Amino acid sequence: MKIFRYAMISIALVVAAVSMLPEPEGFPILEYHQVTDEQLDPDFEVYNVPPEDFAAQMDYLKTEGYTTITLQDFMRVVHGKGTLPAKPIVLTFDDGYADNYSTMLPILQARSMTAVVYVITNQIGTAGYLTFDELKDMQRRGIEIGSHTADHLPLTSLDEEARVKQIRESKIFLEWGGLQTIYSLSYPNGAFDSGVEEILRRSEYLTAVTGEAGLNTLDTNPYELYRVHIRKPRFGLTEFKLRLWKARLFAKFRAL
């Protein structure tokens, strides 16, 4: 009990200290994977947000005044074309699971919300993953489609030739499959370095998202955008609110 008390006191002191720091500027990007009621392998279950929880999270964002944007929307503003809404937020979904179309999309559309879906291109059309027809329909409905590379290999573990292959071929494959130009990439396992960023520039990507928590501004490196991971909730909406707070917390520390 003493250890628990000391831990709670320590947490309270940290929260109090952080609350005294200036409120950071910027908007969050949320990282999701699956949205399904299906029973998943235990190794993947942590990456799934059940539909009921996901809908509650979206309702909370709407109540709090957030407006969803895509990363193409963000880059238009970076280049001086328009302005961001008062409270922007980006929803991203990694891997390209079929439930992103069957379950996630209707929940978003019912609330006039949008998102960015990152696809592992060599999984397109295989069991449990999105098809080209579904991807094209999502894009027509305002969802931005991005690349999660061809095979979901950590790019920093590959040599230059393999990096280029994973990055460029996934983009070309999506575009040749009938999708509009692909401008964004999600780093597999969040792994990137300056060499990877240079390949993205040469390959005409405009943005890339990491797995590092924080907030993003118009001055954030567009190839190192911060994201906060949204896992399967154990404590309902409270946990979701804490993860949003985590993004602000990391932004506050970076501003020191």
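What number of residues within the range 115-131 satisfy the criterion of being more than 23 Å from Ile69 (Cα to Cα) and not β-branched (Val, Ile, Thr)?
Summing the residues that are more than 23 Å from Ile69 (Cα to Cα) and not β-branched (Val, Ile, Thr) in the range 115-131 gives 6.
If I filter the range 176-185 down to residues being of a type outside the set (Phe, Trp, Tyr) and under 21 Å from the mean Cα position of the chain (by Cα), which single residue comes out as surrounded by the fewest Cβ atoms within 10 Å (Cβ to Cβ)? Let's see the steps before the verdict.
Within the range 176-185, the subset of a type outside the set (Phe, Trp, Tyr) is 177-182, 184-185.
Next, only the ones that are under 21 Å from the mean Cα position of the chain (by Cα) stay: 179-182, 184-185.
On the way: Leu179: 17, Gln180: 13, Thr181: 11, Ile182: 23, Ser184: 28, Leu185: 27.
Residue satisfying both the conditions and the ranking: Thr181.
Residues are listed down the side, and each one gets a yes or a no for (1) closer than 26 Å to Gly26 by Cβ; (2) out of contact with any Phe, Trp or Tyr (no Cβ under 8 Å at 6 or more places or on another chain); (3) in contact (Cβ under 8 Å) with a residue 40 or more places away in the chain; (4) crowded, with 19+ Cβ neighbours inside 10 Å:
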| site | (1), (2), (3), (4) |
| --- | --- |
| Lys87 | yes, no, yes, no |
| Thr121 | no, no, yes, yes |
| Ile124 | no, no, yes, no |
| Glu134 | no, no, no, yes |
| Asp159 | no, yes, no, no |
| Val164 | no, yes, no, no |
| Ser170 | no, yes, yes, yes |
| Tyr187 | yes, yes, no, yes |
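Go through the residues of the range 139-157 one by one and say whether even a single one is in contact with a His (Cβ under 7 Å, 6 or more places away or on another chain), touching a residue at least 40 places away in the same chain (Cβ under 8 Å) and either more than 26 Å from Leu61 (Cα to Cα) or not hydrophobic (A, V, I, L, M, F, W, C) (or both).
no
Looking at the range 5-23, can you tell me whether even one residue there is surrounded by 15 or more Cβ atoms within 10 Å (Cβ to Cβ), among the aromatic types (Phe, Trp, Tyr) and either at pLDDT 95 or above or assigned to a helix (DSSP H, G or I) (or both)?
No, every residue in the range 5-23 fails to be surrounded by 15 or more Cβ atoms within 10 Å (Cβ to Cβ), among the aromatic types (Phe, Trp, Tyr) and either at pLDDT 95 or above or assigned to a helix (DSSP H, G or I) (or both).
Anything in the range 189-203 that is surrounded by fewer than 21 Cβ atoms within 10 Å (Cβ to Cβ) and of a type outside the set (A, V, I, L, M)? List them, or say none.
Asn189, Gly190, Asp193, Ser194, Gly195, Glu197, Glu198, Arg201, Arg202, Ser203
When the residues of the range 89-101 are narrowed to those that are under 13 Å from Leu135 (Cβ atoms) and hydroxyl-bearing (Ser, Thr, Tyr), which ends up surrounded by the most Cβ atoms within 10 Å (Cβ to Cβ)?
Tyr97
Scanning the range 35-56 for residues that are in contact with a helix residue (DSSP H, G or I) (Cβ under 6 Å, 6 or more places away or on another chain) and β-branched (Val, Ile, Thr), which turns out farthest from Met104 (Cα to Cα)?
Step by step, filter the range 35-56, then rank; the result is Thr36.
The values are calculated or read from the model by the stated rules, or taken from the named source; none is laboratory data. Being a predicted model, the structure only gives us computed values, none of them experimental. As a convention, Cβ positions derive from the backbone with ideal geometry for all residues, glycine included, and neighbour counts pool all protein chains shown.
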